[in-house]
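Here the structure is laid out as structure tokens; the discussion comes afterwards.
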Amino acid sequence: METPTGYILILKSEFDLMINTIASMSQKILLLEDRIKELEGKLSKDSNNSHKPPSTDGYKKKIKNSREKSGKKQGAQPGHVGRTLEQVPNPDRVINHNVVGKCECGQDLEQLPKKRTYRRQVFDLLERLLEVTEHRIEVKECVCGKIHEAVCEVKGNTQYGQRIKSLAVYLNQYQLLPFERIQELMEDCFEVNISDFVLGKSNQVCYENLDQPESNTKKALINSKVIHNDESGLRCNNKLHWVHVSSTDVLTHYSIQEKRGSEGIDAIGILPEFKGTSVHDRFSAYEKYECEHSYCNAHLLRELKYLYEEENKKWASEMATLLVHANELKKQEKLSKYSIQNIEETYSLILKSGLEEEPFTIGLVQKGKRGRKAKPKSLRLFETFTDSSTEILKFIHNKDVPFDNNLAERDIRMVKLKQKISGCFRTKNGAEIFCRIRGYISTCRKQGVAVLYAIEKALIGQPIVLTQTNT
């Protein structure tokens, strides 16, 4: 019996529909699988394997750590020079404890000669820490009727001295205490009720007197061989601003800008004129400047860690091992022409084997979205290692270039801590005051200058000259 032609056509159309439906569902399944993988990847990311800051980790338990055990015992290591409280040769106050009374034999002890004296010293704060100095200004009248008044730099009937103002700036700008906490400390320790106006005015005067030192720091950074650059968001005047830091091991400069990219960096004026090596975290805005570039390998190691732990990428594990080994050789001063060549050859071999794990396939077109699907994270990182080997391995070719950008990250960490304490800056002027004074303080610390002394000098218009470079 022959099958009707119409029935065959119906079966064929249903079959075609089924094939199209399967193809469509297969494509959706692939897209959903990629989306699930992407979301699972976000859940597994933390500060240990990505660019995310530690503050985003929350309270979840850490079971992975990039640090390796050194095998050393806890505490001070052999050769460590201990520090303890030592007696001073000229104490401020001496209390004599004399032997009195009589011995059991009846001898009067006060009449006996002294055999020896022991010295025991107690270090403590004064009972009253505040000193009040009164200035009495003499006024005389000449026989001609003219009034003459003695010269005195103190203008008001009462005012706070430079030391207490310096301490207020120190507590606010360096120890990051809010005004209210500073006022509580002043009242408890010194019995002084200091106003918000005095605290704010002290910061403002210090800021204005540090204009020239900030310019000197910028010039010194421009003339340095290597500088570190980083940026971080900061809430200011109800808007997101960006704090940019440029620093060396002896200099620090902060600036707050409304823009994160090249517009803000150009306004600062350091990188546009800098011709040395800039160490950074691969932020694209840094790439436009005509200087040499070195990438932060600490960032790269965290990204590699994610790939080999979460996506099982063998090339990522091998590359991480190579970078750590190269850094160890540099620390031990064992980098030679042969070892550098060996590192570069191993680097190329790892990338060659990684091609099998990272095929350059054409992305699927995303339904409802323009353009092709974004490349997977592993492929983007692989391309970074392929295209930017010079910037990644700069540290083994130049002894002045470090392995990572941790210096800038340490410098900018205090800005984030300030934000955690205060929440934000109410005005741009307040943020600018913090950045300039904090840069001065950081530079003083790096060059071994006592912070409180440096602030006191700045308040009287004689800031410390800090122009050292690493050239």
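The values are calculated or read from the model by the stated rules, or taken from the named source; none is laboratory data. All of these numbers come straight from a predicted model, not from anything done at the bench. Here the Cβ is made from the backbone with ideal geometry for all residues, glycine too, and neighbour counts use every protein chain on show.
Looking only at the range 132-150, count every residue that is loosely packed, with under 10 Cβ neighbours inside 10 Å and either assigned to a loop (DSSP other than H, G, I, E, B) or in the same structural domain as ARG413 (by TED's automatic domain parsing) (or both) and tell me the total. Before you say what the answer is, go through the steps one by one.
Taking the range 132-150 as the starting set, the residues that turn out to be loosely packed, with under 10 Cβ neighbours inside 10 Å are 132-149.
From what is left, the residues that are either assigned to a loop (DSSP other than H, G, I, E, B) or in the same structural domain as ARG413 (by TED's automatic domain parsing) (or both) are 132-138, 142-146.
Within the range 132-150, residues that are loosely packed, with under 10 Cβ neighbours inside 10 Å and either assigned to a loop (DSSP other than H, G, I, E, B) or in the same structural domain as ARG413 (by TED's automatic domain parsing) (or both) number 12.
Taking the range 215-224 as the search range and keeping residues that are in contact with a strand residue (DSSP E or B) (Cβ under 7 Å, 6 or more places away or on another chain) and touching a residue at least 60 places away in the same chain (Cβ under 8 Å), which one is farthest from GLU287 (Cα to Cα)?
THR217
List the pairs whose first member sits in the range 434-447 and is under 17 Å from LEU199 (Cβ atoms), whose second member is assigned to a helix (DSSP H, G or I) and of a type in the set (Lys, Arg), and whose Cβ atoms are under 7 Å apart, counting only residues at least 6 apart or on separate chains?
These pairs meet every condition: PHE434/LYS418.
Considering (1) part of a helix (DSSP H, G or I); (2) surrounded by fewer than 17 Cβ atoms within 10 Å (Cβ to Cβ); (3) not hydrophobic (A, V, I, L, M, F, W, C), say which one LYS334 fails and leave the rest.
(1)
Please name all residue pairs, on different chains or six or more residues apart, with Cβ atoms under 9 Å, provided the first residue is in the range 390-413 and is in contact (Cβ under 8 Å) with a residue 60 or more places away in the chain and the second residue is part of a loop (DSSP other than H, G, I, E, B) and among the β-branched types (Val, Ile, Thr).
From residues that are in contact (Cβ under 8 Å) with a residue 60 or more places away in the chain, the pairs are LYS394/VAL401; PHE395/VAL401; LEU407/THR248.
Return yes when ASN49 is modelled with pLDDT of 80 or more and of a type in the set (S, T, N, Q) and no when it is not.
When the stated conditions are applied, ASN49 does not pass them.
Filter the range 78-122 down to the residues that are among the charged types (D, E, K, R) and not in a loop (DSSP other than H, G, I, E, B) and list them by number.
Within the range 78-122, LYS102, ASP108, GLU110 qualify.
Could you please find all residues in the range 276-304 being out of contact with any helix residue (DSSP H, G or I) (no Cβ under 8 Å at 6 or more places or on another chain) and more than 30 Å from GLU328 (Cβ to Cβ)?
Of everything in the range 276-304, those that are out of contact with any helix residue (DSSP H, G or I) (no Cβ under 8 Å at 6 or more places or on another chain) and more than 30 Å from GLU328 (Cβ to Cβ) turn out to be SER284, GLU290.
If you check ASN342, ASN312, ASN327, which single one turns out to be outside the structural domain of ASP281 (by TED's automatic domain parsing), part of a loop (DSSP other than H, G, I, E, B) and either of a type outside the set (Gly, Ala, Ser) or farther than 21 Å from ASN405 by Cβ (or both)?
Only one candidate passes the filter, namely ASN312.
Search the range 420-429 for residues being in contact (Cβ under 8 Å) with a residue 60 or more places away in the chain and in a helix (DSSP H, G or I), and hand back the single one that is surrounded by the fewest Cβ atoms within 10 Å (Cβ to Cβ). Lay out the reasoning, then the answer.
Step one: filter the range 420-429 for residues in contact (Cβ under 8 Å) with a residue 60 or more places away in the chain, giving 420-428.
Restricting the remaining residues to those that are in a helix (DSSP H, G or I) gives 420-422, 428.
Numbers: LYS420: 9, ILE421: 11, SER422: 14, LYS428: 14.
Checking each candidate, the answer is LYS420.
Residues VAL245, VAL192: which one is in contact with a helix residue (DSSP H, G or I) (Cβ under 6 Å, 6 or more places away or on another chain) and over 22 Å from GLU290 (Cα atoms)?
Exactly one of VAL245, VAL192 is in contact with a helix residue (DSSP H, G or I) (Cβ under 6 Å, 6 or more places away or on another chain) and over 22 Å from GLU290 (Cα atoms), namely VAL192.
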